[in-house]
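Q: Pasting in a structure now, in structure tokens, and then I'll have a few things to ask.
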């Protein structure tokens, strides 16, 4: 079984956008298909580059030109005819920690473009797109919120090892905490539970390892999932689609980017 195709033959001749992948975040520039409610573990920055779009958060639709959604919050998108710029930022990333003050305790917030220096996002490569995000972070005018050192160490261990199963007691022992205290602190600091964070890392690896013709079962094994159905269920929950469906259909080009 290979990745399903959702597009038409014409999409191969005229890609609708580009997917830029980094180790701790990814960005999309282009035209997207509508999606049903799903729950990213990453934080979502959504900008309509040429017009407004429809965003649903926790069951309520609203029209927005730019918005940010906290990690692990149910959302859906109807872009209409808008050309979109979307950044998905890991919950422990400095990108999200520089912007989370804009959301506060809410699940999402619209951004006032009059107060932010919104860059002109063009599909010119990894460095240019990353500069656009850095420019927005700078214009937001807020320092990066610190991440507890123990939580940071746990994130690093999980990224490095990517275990098949989560051993909370082992992780807690490595940072001098009890299992319950680590679980509480991790959720408090990142907004997501440890187990969901590990699934998010595995999905990131699946994106990084994907290539045309690779079977779902092989990709599931390489990314650390129990089996193919586990990968598919996780992808549907987090994205409402296997992200590679966009790619296999020719809807997006893919650029794999390196951190500076």
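No lab work stands behind these numbers, since they all come straight from the coordinates. Note that the coordinates shown come from a computational prediction; the quantities given were computed from them, not determined experimentally. Cβ coordinates were reconstructed from backbone atoms using ideal geometry, including for glycine residues, and neighbour counts include every protein chain displayed.
Q: Consider residue 153 against the criteria (1) surrounded by 13 or more Cβ atoms within 10 Å (Cβ to Cβ); (2) in contact (Cβ under 8 Å) with a residue 24 or more places away in the chain; (3) over 22 Å from residue 40 (Cα atoms): it satisfies all of them except one. Which criterion is unmet?
A: Looking at each condition in turn, residue 153 falls short on (2).
Q: Being surrounded by 21 or more Cβ atoms within 10 Å (Cβ to Cβ) and either within 15 Å of the chain's Cα centre (by Cα) or on the phi > 0 side of the Ramachandran plot (or both), is that true of even one residue in the range 167-179?
A: No, the range 167-179 contains no residue that is surrounded by 21 or more Cβ atoms within 10 Å (Cβ to Cβ) and either within 15 Å of the chain's Cα centre (by Cα) or on the phi > 0 side of the Ramachandran plot (or both).
Q: Restricting attention to the range 219-233, report how many residues are under 17 Å from the mean Cα position of the chain (by Cα) and surrounded by 20 or more Cβ atoms within 10 Å (Cβ to Cβ).
A: So the answer is 2.
Q: Next up: Give me a count of the residues in the range 156-166 that are surrounded by 14 or more Cβ atoms within 10 Å (Cβ to Cβ) and under 26 Å from residue 99 (Cβ atoms).
A: Counting residues in the range 156-166 that are surrounded by 14 or more Cβ atoms within 10 Å (Cβ to Cβ) and under 26 Å from residue 99 (Cβ atoms) gives 3.
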